[in-house]
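The values are calculated or read from the model by the stated rules, or taken from the named source; none is laboratory data. None of the values given here were measured: they were computed from a predicted structure. For neighbour counting, all protein chains shown are included, and Cβ atoms are generated from backbone atoms with ideal geometry for every residue, glycine included.
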Amino acid sequence: MRRFPFPALLFLAVSAHSQDDRALRERAQRYLIDLIRIDTTNPPGNETRVARYLKTVADAEGIPSEVLGGDPARMNFVARLKAAGRTELKPLLLMAHSDVVPADPSQWTVPAFSGEVRDGYILGRGAQDDKSLLAAELAVLVELKRRAVKLNRDVILLSEADEEAGSLGIQWLIKNAWDKIDAEFAVNEGGFAIDVHSGKRLFQIQTSEKIPTRVILTARGRAGHGSLPRADNPVVHLARAITRIAEAGQPVRLNTTTRRYFAEMSKLSDHNWLSPLLPKLENGRGAIAAANEIRAREPEFEALLRTTVSPSMLSAGMKINVIPNTAQAHVDVRRLPEETRDEVMARFRKTIDDPAVDVSSDAGQDMPSTEPSSLTTTLYQAMERVFTRSNPAAAVIPYMSRGATDGSYLRQKGMAVYGAALFLREGESRAHGNDERLSTANLAAGTMLLWDVVGETAGAGR
Ligand SMILES: [Zn+2]
């Protein structure tokens, strides 16, 4: 029997038998293996296969659900368990995307879509990103139904297509089926737990994310013979422009999430060197020097302080003795969520300060700029309690991820979205990497954490 320190959680205390818990964990594992075996490599996606699988499970359990979307091959899935009786409380949304990034079979030691279990690990594309979360969420939804848990708010399960490419799924849903997914808050990907050297287990709840901003620099000049150097050689102008933006110190800006994140990090013996630098980050002129000092010790931290600039693709010229008339660079910019694309582009133009170089944005999705999700919602506080009591060495901290998720689209609609730190990082992250895997113990523990979080957020009797 699991023990719950909150006596108000009668529904859990009464029905939470250890064999039910075991069934819940085993179901999560079976779902994950099944989901890995459904190849939803994006492109092309074919996420309808996952949506149909989820529908089959929901139908068998008597959970109302539907498959919906704008493209028959790329459908989304939504299921809903209703609150018992009338409620003022808005729903809890459990979300996880159904697509995965491609896997190169020559780089894997097992077939990437086999869902093989080896040495205590479930292997396969999606084992981390994001089918483990989807499996845990589905298992919890089924368990709520099976145990006939009385809910004080609706619980919605959403699996959306195309997160890894154009986020077409979430955008379609917001536009065409908002009332079906509208919720007070959501559990999403993007957070994780990690054991640090000092022995602490950090539960990093993602409340904010940086925004991919793809910038193209195009230099133009006149073509000519390589034997006669030209002042308007676009290769030279482009090279100078790249150097200028890459080396310019982007402004340092903290938000509610990163301010709290660094304050908590500096308390750990692992990172107490941060303490004297933090006040400098808030103080105009000293901020850039302090950020540079932080970069020298921990580039991961520095990337959370400012918009980052990584030139990644170059193209110019056809022949060594011909000066081309254009040269182009693509720059992977990850901007702070408080900055707009226009602000960043205007700053780059000013820094480059060269009329021969045009600064434009790559076509494609423009994810919205948003404030971090609140640290005082019922869901965030439930995660704080559940994670804290799960481990004596736990520390729970809000986190801004460098990577983007579908969460920013929902944050823009006013929903609080959290990358729940359900799973423990096991060595280096293999999300998007080779031999992606998650241990069965990690999946089981994360599923139980989610069960408790959902119980504390949506369980009646509180
Ligand atoms: Zn993902």
Tabulated pairs, the stretch 355-370, first under 17 Å from residue 325 (Cα atoms), second polar (S, T, N, Q) and modelled with pLDDT of 85 or more, C-beta under 8 angstrom, 6+ apart or interchain: 357/218; 358/218
Collect the residues in the stretch 219-245 that are under 37 Å from the mean Cα position of the chain (by Cα) and surrounded by 15 or more Cβ atoms within 10 Å (Cβ to Cβ), keeping them in residue-number order. 219, 235, 237, 238, 239, 240, 241, 242, 244, 245
Quick one: in the stretch 431-452, of everything that is in a helix (DSSP H, G or I) and not hydrophobic (A, V, I, L, M, F, W, C), which residue is nearest to residue 37 (Cα to Cα)? 440
Filter pass, residue 189 being closer than 26 Å to residue 381 by Cβ, within 13 Å of the ligand (Cβ to nearest atom) and either among the polar types (S, T, N, Q) or at pLDDT 95 or above (or both): yes
Does residue 54 qualify as being at pLDDT 95 or above, away from the ligand (no atom under 16 Å from the Cβ) and surrounded by 23 or more Cβ atoms within 10 Å (Cβ to Cβ)? yes
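The rows are residues; the columns are (1) part of a strand (DSSP E or B); (2) aliphatic (A, V, I, L, M).
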residue: 381; (1), (2): no, no
residue: 395; (1), (2): yes, yes
residue: 403; (1), (2): no, no
residue: 421; (1), (2): no, yes
Sort out which residues of the stretch 383-393 are among the aliphatic types (A, V, I, L, M) and part of a loop (DSSP other than H, G, I, E, B), and write them in order of number. 393
Would you check which residues across the stretch 368-383 are closer than 20 Å to residue 455 by Cα and of a type in the set (Val, Ile, Thr) and list them? 376, 377, 378
Among residues belonging to the stretch 148-185 that are assigned to a strand (DSSP E or B) and away from the ligand (no atom under 16 Å from the Cβ), point out the one that is farthest from residue 438 (Cα to Cα). 151
Restricting to the stretch 69-111, name every residue that is farther than 16 Å from residue 160 by Cβ and either of a type in the set (Phe, Trp, Tyr) or within 16 Å of the ligand (Cβ to nearest atom) (or both). 102, 103, 108
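Search the stretch 125-136 for residues being more than 16 Å from the chain's Cα centre (by Cα) and among the small types (Gly, Ala, Ser), and hand back the single one that is surrounded by the fewest Cβ atoms within 10 Å (Cβ to Cβ). Outline the logic, then answer.
Quick first cut of the stretch 125-136, residues more than 16 Å from the chain's Cα centre (by Cα) only: 125, 135-136.
Then drop every residue that is not among the small types (Gly, Ala, Ser), which leaves 135-136.
Details: 135: 28, 136: 31.
Per the stated criteria, the residue is 135.
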Sole exception among (1) small (Gly, Ala, Ser); (2) surrounded by 17 or more Cβ atoms within 10 Å (Cβ to Cβ); (3) in contact with a Pro (Cβ under 9 Å, 6 or more places away or on another chain) for residue 139, by number: (3)
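With a cut-off of at least 3 residues that are touching a helix residue (DSSP H, G or I) at 6+ places or on another chain (Cβ under 6 Å), name the strands (runs of 3 or more DSSP E) lying wholly within the stretch 44-140. Reasoning before the result, please.
On the way: elements: 65-68, 76-81, 92-97, 121-123.
Qualifying strands (runs of 3 or more DSSP E): 76-81, 92-97.
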Which of the residues spanning the stretch 186-229 are part of a loop (DSSP other than H, G, I, E, B) and either under 22 Å from residue 362 (Cβ atoms) or in the same structural domain as residue 454 (by TED's automatic domain parsing) (or both)? 189, 190, 191, 196, 197, 198, 199, 200, 210
Determine, yes or no, whether residue 195 is more than 16 Å from the ligand (Cβ to nearest atom), of a type in the set (Asp, Glu) and either crowded, with 16+ Cβ neighbours inside 10 Å or over 30 Å from residue 96 (Cβ atoms) (or both). no
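Can residue 419 be described as at pLDDT below 95 and either in the same structural domain as residue 182 (by TED's automatic domain parsing) or surrounded by 17 or more Cβ atoms within 10 Å (Cβ to Cβ) (or both)?
It is false that residue 419 is at pLDDT below 95 and either in the same structural domain as residue 182 (by TED's automatic domain parsing) or surrounded by 17 or more Cβ atoms within 10 Å (Cβ to Cβ) (or both).
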Scan the stretch 412-440 for residues that are under 15 Å from residue 191 (Cβ atoms) and within 16 Å of the ligand (Cβ to nearest atom) and jot them down. 417, 418, 419, 420, 421, 422, 423, 425, 429, 431, 438
Taking the stretch 113-137 only, how many residues are within 16 Å of the ligand (Cβ to nearest atom) and touching a Leu at 6+ places or on another chain (Cβ under 8 Å)? 10
Residues of the stretch 250-298 being under 18 Å from residue 395 (Cβ atoms), loosely packed, with under 14 Cβ neighbours inside 10 Å and among the polar types (S, T, N, Q), which ones? 269, 272, 275
Residue check for residue 400: buried (at least 18 other Cβ atoms within 10 Å of the Cβ), closer than 21 Å to residue 98 by Cα and in contact with a Ser or Thr (Cβ under 7 Å, 6 or more places away or on another chain): no
Which helices (runs of 4 or more DSSP H) does the stretch 283-352 wholly contain that include 1 or more residues that are among the hydroxyl-bearing types (Ser, Thr, Tyr)? 341-352
Would you tally the residues in the stretch 320-346 being in contact (Cβ under 8 Å) with a residue 24 or more places away in the chain, over 13 Å from residue 240 (Cβ atoms) and more than 24 Å from the chain's Cα centre (by Cα)? 9
